[in-house]
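For reference, the structure discussed in these notes is given below.
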Amino acid sequence: MARLANSEKMGFFATPPHVVELLARWIAAPVTVNADTGKQTTYPYRIFDPCAGEGAALHQVATLLGGEVTTWGVELSPNRAEKAETVLDKVLNTAFQSVRVSHEAASLLYLNPPYDNDLDSAEKRLEIEFLRLSVQTLAYDGVMILIVPQPVLHFADMARLLAGHF
């Protein structure tokens, strides 16, 4: 029954707002410091979500961090993409795998991928595929928020990706 519910939701599980708030406490908008005055100024940055859902989590992160931020996401579900368009700067309603995103284009990557097996192979996890495809969009000095079920961290492919990039 749980598997059917997951398929119906297309693997989508929204991050609760209180969890987003806790996550945002650990990061800050990028700043520059004036060497003469010591004054800090935020500079423009972009946050990207390849599985944007309704855009609520990404919008909340952007609001909590503040500064001059551009939000953009990709969402497969037309209904969720339509809702995301009301709170994000740019939303593409398509599969993330079909989108070309410049390397190192995002200062912050918010990744809450579908929780499921790949349809082609029960051995492969979608969480790992989304990480593999999206990590290249993150700027060299960027921050990634990765939200996955804890057991997925035990997959060798996931561990290699995380250890190799972070």
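Counting just the residues of region 20-58 that are touching a residue at least 40 places away in the same chain (Cβ under 8 Å) and open to solvent by 50 Å² or more (accessible area, probe 1.4 Å), which one comes out nearest to residue 95 (Cα to Cα)?
Once the filter is applied, the top-ranked residue is 54.
Would you confirm whether or not region 103-124 contains a residue that is surrounded by fewer than 21 Cβ atoms within 10 Å (Cβ to Cβ) and in a helix (DSSP H, G or I)?
no
Any idea how many residues of region 106-121 are aliphatic (A, V, I, L, M), closer than 15 Å to residue 134 by Cβ and at pLDDT below 95?
The number of residues fulfilling the criteria is 0.
Out of curiosity, is residue 81 crowded, with 16+ Cβ neighbours inside 10 Å, small (Gly, Ala, Ser) and either over 30 Å from residue 40 (Cβ atoms) or out of contact with any Asp or Glu (no Cβ under 7 Å at 6 or more places or on another chain) (or both)?
yes
Before we move on, is residue 86 among the hydroxyl-bearing types (Ser, Thr, Tyr), part of a helix (DSSP H, G or I) and exposed (fewer than 15 other Cβ atoms within 10 Å of the Cβ)?
no
Working only within region 142-161, note down all residues that are closer than 24 Å to residue 26 by Cβ and either touching a strand residue (DSSP E or B) at 6+ places or on another chain (Cβ under 7 Å) or in contact (Cβ under 8 Å) with a residue 24 or more places away in the chain (or both).
142, 143, 144, 145, 146, 147, 148, 149, 152, 158, 161
The values are calculated or read from the model by the stated rules, or taken from the named source; none is laboratory data. It should be emphasised that the depicted structure is a prediction, and the values quoted were computed from it without experimental measurement. Positions of Cβ are backbone-derived with ideal geometry, glycine not excepted, and every protein chain shown enters the neighbour counts. Surface accessibility is based on the protein's heavy atoms, side chains included, excluding ligands, DNA and RNA. Shrake-Rupley method; radii C 1.70, N 1.55, O 1.52, S 1.80 Å.
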